[in-house]
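> Could you have a look at this structure, given as structure tokens, before my questions?
The values are calculated or read from the model by the stated rules, or taken from the named source; none is laboratory data. These figures come from a predicted structure and were not determined experimentally. Glycine gets a Cβ as well: all are built from the backbone with ideal geometry, and neighbour counts include every protein chain shown.
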Amino acid sequence: MSRKGTLAGYLAERWRGIGLSLVIVVATIWLGATGQLGLYIHPRYFIFTTVMAVVGLVFVVASFVFRTPSAGESEPSGRRSAGRRTWALGGSALLLAIATVTVLALPPATLTSATATQREVNSGGLDSEAAAEEAAALVGTGDYERLSVKEWVSLLAQSEDPALYADKTASITGFVLPDAADPDNVFYAARFVVTCCAVDAQPIGVAVYQPGWQASYDTDDWVQVTGTFVSNPSARSADTLAVLPTTIEPVDQPSDPYVY
């Protein structure tokens, strides 16, 4: 067995795992450094995740430097085994290149309506007691336009009595998510609430009654809706109350699109 053959076999065996690990840890550190880690995990885990990624990077580099050959390592010689080694090395390099290009070429993206339609809106993700306390504190100031989607959803979960909302103006920023029960007339100004990471994100939103909204807005467009709550005119929508908008303004996606 030649030394060259041994090295080729070793690289083919270890490059895939070590190389992919390198891509993952570097991508994690890059997301943290550019402030985009919040697209994947809750802010409470930023420091832990970044530290662990740095530790992982140290171990990956060490894996390249220090070789630990398998016990009884042997490798058949000859043209056929050399060909297999070449294919193995080529396959490992190709896999690593694809992973690297994918990570670098595809920018981090937020969750969209495609995910929201697979999960019931306002069905979970809220710590109702904590959210209600936050909302109550803002309600006490009388500045209702400062309430976020999360806080309005929390208040509506406590009570849907129209009299409680009659004099309150809402100003809500979210992405357009059609109401599955009445998509022609109602959409949600929606956000995802993240408890741990994007995998467990749950869609929440406030119903907006705007017949023919599709003529002006597309699903997933970000908008700022200002209006008052009324008894939902839609006979098909499950929401008792909806915002009757006075204005709907297109806006850019917020730098922090999720709520926590």
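> Given the structure, is Ala181 surrounded by fewer than 19 Cβ atoms within 10 Å (Cβ to Cβ), in contact with a Lys or Arg (Cβ under 6 Å, 6 or more places away or on another chain) and on the phi < 0 side of the Ramachandran plot?
yes
> If you go through region 27-60 one residue at a time, how many are surrounded by 17 or more Cβ atoms within 10 Å (Cβ to Cβ), modelled with pLDDT under 80 and over 20 Å from Val194 (Cβ atoms)?
Count: 2.
> Restricting attention to region 191-210, does a residue exist that is of a type in the set (Gly, Ala, Ser), within 25 Å of the chain's Cα centre (by Cα) and closer than 13 Å to Leu241 by Cα?
Looking through region 191-210, at least one residue is of a type in the set (Gly, Ala, Ser), within 25 Å of the chain's Cα centre (by Cα) and closer than 13 Å to Leu241 by Cα.
> Only one of these is part of a loop (DSSP other than H, G, I, E, B) and among the small types (Gly, Ala, Ser): Ala181, Ala170. Name it.
Testing whether each residue is part of a loop (DSSP other than H, G, I, E, B) and among the small types (Gly, Ala, Ser) leaves just Ala181.
> While we're on this one: For residues that are of a type outside the set (D, E, K, R) and in contact with a helix residue (DSSP H, G or I) (Cβ under 8 Å, 6 or more places away or on another chain), scanning just region 217-239, find the one that is surrounded by the most Cβ atoms within 10 Å (Cβ to Cβ).
Phe229
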